[in-house]
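Before any comments, here is the structure.
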Amino acid sequence: MPLFMDLHKAEDYEVKPTMEEIKCNHIADLKTQAKYGVRFIQYWINEAAGLVFCLMEAPDKESCIATHQEAHGNMPCNVIEVKGGDYRIFMGEGRVNEFDIAEDSDGRLDPGRRSFLAADVISLSGHSSAFDRLQETSHRFSGRLVSVGNGRIKFVFNDASNAIECAVAIQRQREKIEGDGLEIRTAISTGEPVSSDQKIFEDVMNLADWLCDICADCQITISSQTIYSHIGRLPEPGGRLTFKLLKPADEIFLRDIMAALKPIVATGPVGMDKLSTAVGASKAQVYRKLTRLTGYSPNAFIHELRLRNSLQLVRREFGNVAQIAFASGFNSPSYFTKSFKKRFGKSPAQL
């Protein structure tokens, strides 16, 4: 049967439920589940945020909702279908107590929040060696591989502090990673499995990707929720390592600007009018905010995104120079070649 996760917010109830009431609700669900062909498996409680996440097998979303409705009337504000493989990678192999509540290895409640580390690797000699090294490093901090491809690798951690320590370790061992023209950008986002009507952790992973897009070489860009979830102080940067800490308002702006840019960055000119309309701000505000977040003017940032994308197309042997130029948003193959060589030190034909 399909797997589903749902989200309950304490703020949606007239009176915030206590831990005992949550347990009683779950017991009521277990008594009612068979009527609707549902099997509740596990749930996560984030007391601080007032969130509860349930994992269940069910024929469909409606059956999940009907079980809650009849059992106790406390309805989920969102239900999403999840894939078993994704669920196991994201949530890990934790333990549950006698009430099916997820706990960590210390017996504390597992709030269900996870941290995602995205790392971009630019290497003119290929990514395989660097990716192998990054995976070895992630294992030391209990990270699990989520995806790899197009020069980007992504890991998930149960603990935000482990994700930060892993990112620092990656940046500090750069000299051990082989690669011609090596650049490494790392970004971390943290959040809950169910937030919008999308896939499990999709909002959090999208943010990790966008943070990585605006990250500089030797930098770790960290979301506001990651800082909130982190225990203790950040490590001292040292050397070339720098941190970029985002505020919630920055993340909203970044979400809006990247949602506007991604579909059109490879199709040709991108006007400031489109960007200002997409984020609901003046052109001057967009220019100022984007420059502050990325270190580039809007036009220069778009140019940089196109060049990074073109490098991955060259690596994949997408086509000839002209085809790659046009697929990356360049109108002139000669200008593309000139820009590519200036950015990476070699022309596309030399890779």
**Prompt:** Considering amide H positions built from the backbone, and no H for Pro or chain starts, which residues 5 or more places from Ser147, or on another chain, come under 5 Å of its amide H?
**Reply:** Lys154
**Item:** In Hz, Karplus ³J(HN,Hα) per residue of segment 249-258 (6.51, -1.76, 1.60; θ = phi - 60°; x = Gly, Pro)
**Value:** 5, 4, 5, 5, 4, 5, 4, 5, 6, 6
**Message:** I'd like to know which of Tyr287, Pro269, Ser310 lies farthest towards the positive end of the charge dipole of segment 246-316, counting +1 on Cβ of Lys and Arg and -1 on Cβ of Asp and Glu.
**Reply:** Ser310
**Prompt:** Ignoring ligands, DNA and RNA, what accessible area per residue does the chain give at 1.4 Å, in Å²?
**Reply:** 47 Å²
**Within the accessible area of segment 38-96 (1.4 Å probe), percent carbon and sulfur** = 45 percent
**Prompt:** Roughly how tilted is helix 202-213, in degrees to the nearest 10 and between 0 and 90, from the longest Cα axis of the chain?
**Reply:** 20 degrees
**Prompt:** Amide H of Thr221: which non-local residues (sequence gap of 5 or more, or other chain) have their own amide H closer than 5 Å, using H built in the peptide plane?
**Reply:** Thr186, Ala187, Ile188, Lys244
**Gain on full stretching of the segment that runs from Ser105 to Tyr13 - 0.36 nm per residue minus C-alpha separation** = 30.0 nm
**Fill in**
With Cα coordinates, the longest principal axis of the chain makes an angle with the long axis of helix 61-71, in degrees rounded to 10, of 30 degrees
**Message:** From zero outward in steps of 20 Å, how is the percent of C-alpha pairs of the chain spread across the bins?
**Reply:** 27, 51, 20, 1
**Message:** Report the Cα-based extents of segment 99-257 along its three principal axes, largest first, to the nearest Å.
**Reply:** 52, 37, 30
**Message:** Taking every pair of distinct Cα atoms and averaging 1/r, then inverting, what Kirkwood hydrodynamic radius in Å comes out for segment 1-69?
**Reply:** 12.3 Å
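At 1.4 Å probe size, put Ile164, Ile252 in order of accessible surface, largest to smallest.
Ile252, Ile164
On a 1.4 Å probe surface of the protein chains, which of Met258, Met1, Met205 comes out largest in accessible area, and what is the full order? Each step should come with its number before you reach the end.
Details: Met258 0, Met1 130, Met205 35 Å².
Final ranking, largest accessible area leading: Met1, Met205, Met258.
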**Request:** Could you tell me the largest-minus-smallest coordinate of the C-alpha atoms of segment 287-341 on each of the three principal axes, in descending order and whole angstroms?
**Result:** 37, 20, 17
**Request:** Among Ser63, Val321, His26, flag the residue with its Cα farthest along the positive direction of the charge dipole of the chain, charges on Cβ as +1 for Lys/Arg and -1 for Asp/Glu.
**Result:** Val321
**Request:** Name the residues whose placed amide hydrogens come within less than 5 Å of the amide hydrogen of Asp159, ignoring near sequence neighbours (fewer than 5 apart) on the same chain.
**Result:** Ser115
**Prompt:** If you line up the Cα atoms of segment 14-172 on their principal axes, what length do they span on each, largest first, in Å?
**Reply:** 60, 31, 27
**Request:** Would you compute, from DSSP H runs of 4+ residues alone, the mean residue ellipticity of the chain at 222 nm, taking -39500 (n - 2.57) per run and dividing by the full residue count, rounded to the nearest 500?
**Result:** -13000 deg cm²/dmol
**Request:** Could you tell me the distance between the Cα centroids of segment 210-233 and segment 266-345, to the nearest Å?
**Result:** 23 Å
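Cα convex hull of segment 188-299: mean projected area in nm², to one decimal? Show your work: numbers first, answer last.
Numbers: hull surface 32.3 nm².
Mean projected area of the Cα convex hull: 8.1 nm².
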**Across Lys23/Lys199; Lys31/Lys199; Lys199/Lys244; Lys247/Lys289; Lys199/Lys247; Lys9/Lys154, pairs whose alpha-carbon gap is larger than 18 Å** = Lys23/Lys199; Lys31/Lys199; Lys199/Lys244; Lys199/Lys247; Lys9/Lys154
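The values are calculated or read from the model by the stated rules, or taken from the named source; none is laboratory data. Bear in mind that the values here come from a model prediction, so they are computed numbers and not experimental data. Every residue, glycine as well, gets a Cβ built from its backbone with ideal geometry; the counts of neighbours run over all protein chains shown. Side chains included, ligands, DNA and RNA excluded: accessible areas come from the protein's heavy atoms. Shrake-Rupley method; radii C 1.70, N 1.55, O 1.52, S 1.80 Å.
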